[in-house]
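The values are calculated or read from the model by the stated rules, or taken from the named source; none is laboratory data. Computed from a predicted structure; not experimentally measured. Neighbour counts run over all protein chains shown; Cβ positions are idealised from the backbone, glycine included. Heads up: the accessible areas ignore ligands, DNA and RNA and are worked out on the full protein's heavy atoms, side chains in. Shrake-Rupley method; radii C 1.70, N 1.55, O 1.52, S 1.80 Å.
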Amino acid sequence: MKIFSHKKELEKLVHSEKNLGFVPTMGSFHKGHISLIKKSIHMCRKTLVSIFVNKPQFNNKSDFNKYPRNLKKDISLLKRNKVDFLYMPTHKEIYPKGPNKKIKISSFGKKLCGKHRPGHFEGVVDVIDRFLKIIKPKKIFLGEKDMQQLKIVEHFVKKNYKYVEVIGCKTIREK
């Protein structure tokens with residue numbers, strides 16, 4: 001497994017991949033993450049996983065600070081599952097000029113839990129947008145656990161990235 005923290009190195013290597021699967025994560029892997037990774041490995045020639053705790057999608061700073069991080073375990077799981085690439089950018093690498101305050105998402109983002117989490121879905125879509133520009137995958141794999149988030153991301157990707165297919169994957173939970 002090749003590990004990257006700088007987008008320039010990553011771009012050089014993955015842009016020639018014709019069937020690249022992308023699994024965006026915030027790390028602290030569980031069975032659900034592994035099921036997404038396995039689906040990508042099954043459907044794509046190469047698989048890239050990102051680990052990036054995306055501060056702009058957190059409404060509460062303490063939730064961001066408390067988010068579990070276990071990099072050693074995560075890397076071990078990725079190696080065991082034969083992932084091709086891991087991208088672990090810094091905040092500055094992804095947001096050199098800060099978050100995009102003008103990101104446009106569907107109006108569905110203001111309903112359901114979006115009513116109680118202002119800016120959350122914009123933060124998710126912003127980081128997905130940035131990753132797709134860097135990685136240019138053929139497919140992106142997302143869990144169905146958050147139906148609203150999946151639908152918002154699907155809408156955004158269909159509108160802005162004709163070459164990327166969003167693959168919604170069944171939710172797998174720990175017992």
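See the values below:
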| quantity | calculated |
| --- | --- |
| Shape call, segment 6-59: gyration tensor on alpha carbons, a/c limit 1.5 | oblate |
| Label corresponding to Cα Rg over 2.2 N^0.38 Å when calculated from the structure given, among (i) 1.29; (ii) 1.60; (iii) 0.98 | (iii) |
| Span from the segment 112-173 Cα centroid across to the segment 1-58 one, whole angstrom | 14 Å |
| From the C-alpha gyration tensor of segment 69-146, square roots of 5λ in Å | 26, 17, 13 |
| Accessible surface of segment 1-133 [probe 1.4 Å, protein heavy atoms]: carbon and sulfur percent | 55 percent |
| Gain on full stretching of the segment that runs from Lys136 to Asn59 - 0.36 nm per residue minus C-alpha separation | 24.9 nm |
| Inter-label distance, nm, simple model (7 Å from Cα along the C-beta direction), Met1/Ser76 | 1.2 nm |
| Sequence ranges 72-83, 35-46, 92-103, 17-28, ranked by mean other-Cβ count within 10 angstrom, highest first | 17-28, 35-46, 72-83, 92-103 |
| For segment 15-103: rounded, prolate or oblate by the Cα gyration tensor [a/c cutoff 1.5] | oblate |
| Relative contact order of the chain, pairs being alpha-carbon contacts under 8 Å that are 6 or more residues apart, as % | 30 percent |
| Karplus (6.51, -1.76, 1.60) ³J(HN,Hα), θ = phi - 60°, over segment 16-25, in Hz, Gly and Pro reported as x | 8, 6, 8, 9, 9, x, 10, 10, x, 9 |
| Tilt relative to the chain, helix 120-135 - C-alpha long axis, 0 to 90 degrees, to 10 | 30 degrees |
| Gain in span if fully extended, Glu9 to Met43, counting 0.36 nm per residue against the direct Cα distance | 9.8 nm |
| Across Lys133/Lys158; Lys7/Lys92; Lys101/Lys139; Lys92/Lys133; Lys97/Lys139, pairs whose alpha-carbon gap is larger than 19 Å | Lys101/Lys139; Lys97/Lys139 |
| Prolate/oblate/rounded call for segment 129-168, Cα gyration tensor, a/c under 1.5 rounded | prolate |
| Whole-number percent relative contact order across segment 20-82, with pairs defined as alpha carbons under 8 Å at least 6 apart | 42 percent |
